[in-house]
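The values are calculated or read from the model by the stated rules, or taken from the named source; none is laboratory data. All values derive from a computational prediction rather than experimental measurement. Reconstructed Cβ throughout: ideal geometry from the backbone, glycine too, with neighbour counts over all protein chains shown. Note: accessible area is taken over every heavy atom of the protein model, side chains too, but ligands, DNA and RNA are not part of it. Shrake-Rupley method; radii C 1.70, N 1.55, O 1.52, S 1.80 Å.
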Amino acid sequence: MKNYREELWFDVPGRRALINITQHVESGLHASGIKEGLALVNAMHITASVFINDDESGLHQDYERWLEKLAPHEPVSGYMHNLTGEDNGDAHLKRQVMGREVVVAVTNNDLDFGPWEQIFYGEFDGRRKKRILVKIIGE
Amino acid sequence: MKNYREELWFDVPGRRALINITQHVESGLHASGIKEGLALVNAMHITASVFINDDESGLHQDYERWLEKLAPHEPVSGYMHNLTGEDNGDAHLKRQVMGREVVVAVTNNDLDFGPWEQIFYGEFDGRRKKRILVKIIGE
Amino acid sequence: MKNYREELWFDVPGRRALINITQHVESGLHASGIKEGLALVNAMHITASVFINDDESGLHQDYERWLEKLAPHEPVSGYMHNLTGEDNGDAHLKRQVMGREVVVAVTNNDLDFGPWEQIFYGEFDGRRKKRILVKIIGE
């Protein structure tokens, strides 16, 4: 069994952003030489997500609006978590809707994707360096 | 290490449906001969889900009503994504709530399930051929 | 390839609770001797979740309030599922928001975690014995 590990670092200037990381993950997979297996891609922070969906800017605005409706940032006093001095209570909730991780099949040393699948980093509490883990196992 | 790959194709006649695919996945697992490992089952389309829950028709009606409340199909003009000419903005959101994939333990060449666990394909934008990926690795 | 399997049993006295199970999973991983691989941790029941987030009591109260808002327990007659005689329709919905499972990278025989990642069992219909599955594969 082979395994591969890589961290991807990002420093999102604003509070929230969706970043397409598909090519980063593919590059790591190609470097790994793993032909058949499973690739795990997960946020290593608990106010961020990794998810798979469409790279379409209108949809990304829909996600932003929808997540703000489901778990609004303001008022920050609306979250018990923010009594700790944080202001990111909402980000911990948004992350649960969008998910922590994706597991992707590896076939013939490629991500085994349908036509529109792209991997995104969903940042909900940025403005600092944060990272994603890529771990691939197989042969 | 062994690996197994299969695509399951569906053409749901309506816009939305929940379809129990447990037996399809089990058949593939038995064919694979893999005794111990992990099975990944994921939607290959970004307006559909694979998830695990109960095969109970009342619950499925609850999911339908709840998802329509969280991310209603109408008005289609309520989604920026639909400015592309699509009318499936809601389906991209519903899919995030229900999830893209499940990972299931394989033990003794069977799905290692609790008493009520069943795998479902959740279609939120049907009326065309779409597919699910089954990838199993182990030995 | 090595594999490891363990069931963790819990009997939550109330209807809902969030329980940190990180140390249980770590103990199993250390016992397994698996150095590099993937660990799957999933609820074996369909009214419970396994998820990764912060071990902070204020946040846990935020989750409780938020999930009750998204899928309230009362009125129990509000769920078709409850026509079966159950009163846990809401728990099947809450579980979808929080997720069934997590997949965690195993590196150097440890859970490969960011600074605040902790694994939780999310119980939404307790007051009886229920279990979690830990399955680890690797070498």
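Once the Cβ-Cβ distance of residue B:15 and residue C:23 is raised to the sixth power relative to R0 = 60 Å, the FRET efficiency obtained is 0.85. Computed with every protein chain present, the accessible area of residue C:131 is close to 50 Å² [probe 1.4 Å]. For chain B, treating each Cα as an identical point scatterer without solvent, what Debye log10 I(q)/I(0) comes out at q = 0.13, 0.14, 0.19 1/Å? Debye output, listed in q order: -0.58, -0.66, -1.05.
For chain A, adding -39500 (n - 2.57) for each run of n ≥ 4 DSSP H residues and dividing by the number of residues yields -8000 deg cm²/dmol at 222 nm.
Cross-chain or 8 or more residues apart, Cα under 23 Å: how many lysine pairs in chain C fit that? Count them up, please.
Taking chain C as the scope, the lysine pair count is 6.
A simple charge model with +1 on the Cβ of Lys and Arg, -1 on the Cβ of Asp and Glu and nothing else charged puts the dipole of the range C:29-114 at about 260 debye relative to its Cα centre.
Helix C:89-98 axis versus longest C-alpha principal axis of chain C: approximately 40°, rounded to the nearest ten.
Relative to the dominant Cα principal axis of chain A, helix A:22-32 is inclined by about 40°. Considering all C-alpha pairs of the range A:91-139, those separated by over 13 Å amount to 68%.
When the residues A:79, B:121 are ordered by accessible surface, computed with a 1.4 Å probe over the protein chains alone, the sequence from largest down reads A:79, B:121. Could you tell me the accessible area of residue C:52 in Å² (1.4 Å probe, neighbours in place), rounded to the nearest ten? Accessible area, nearest 10 Å²: 0 Å². If you sort B:45, C:92, C:30 by accessible surface, 1.4 Å probe, largest first, the order is C:30, B:45, C:92. Put the Cα centre of the range A:1-40 next to the Cα centre of the range C:62-85 and the gap is 38 Å. Per residue of peptide C:44-50, the mean number of Cβ atoms on other chains within 10 Å of the residue Cβ is 4. Counts of other chain beta carbons within 10 angstrom of each beta carbon in peptide C:52-64 average 6.
Using the Cβ-Cβ distance between residue A:68 and residue C:129 with R0 = 35 Å, the FRET efficiency computed as 1/(1 + (r/R0)^6) comes to roughly 0.30.
Using heavy-atom solvent-accessible surface (probe 1.4 Å) with all chains present, what is the largest-first order of A:80, C:98? The partial results should precede the final answer.
Numbers: A:80 65, C:98 10 Å².
Heavy-atom accessible area, descending, gives A:80, C:98.
Need one value for C:65-77: mean number of C-beta atoms belonging to other chains within 10 Å of its residues' C-beta atoms. Provide the component values of the computation, followed by the final result.
Details: counts 3, 8, 2, 0, 2, 8, 4, 0, 0, 0, 0, 0, 0.
Going residue by residue through C:65-77 and averaging, the value is 2.
Starting from the alpha-carbon convex hull of the protein assembly as shown, give the projected area averaged over all orientations, in nm². Present the calculation step by step, with values, prior to reporting the outcome.
On the way: hull surface 73.9 nm².
Across all orientations, the protein assembly as shown yields a mean hull projection of 18.5 nm².
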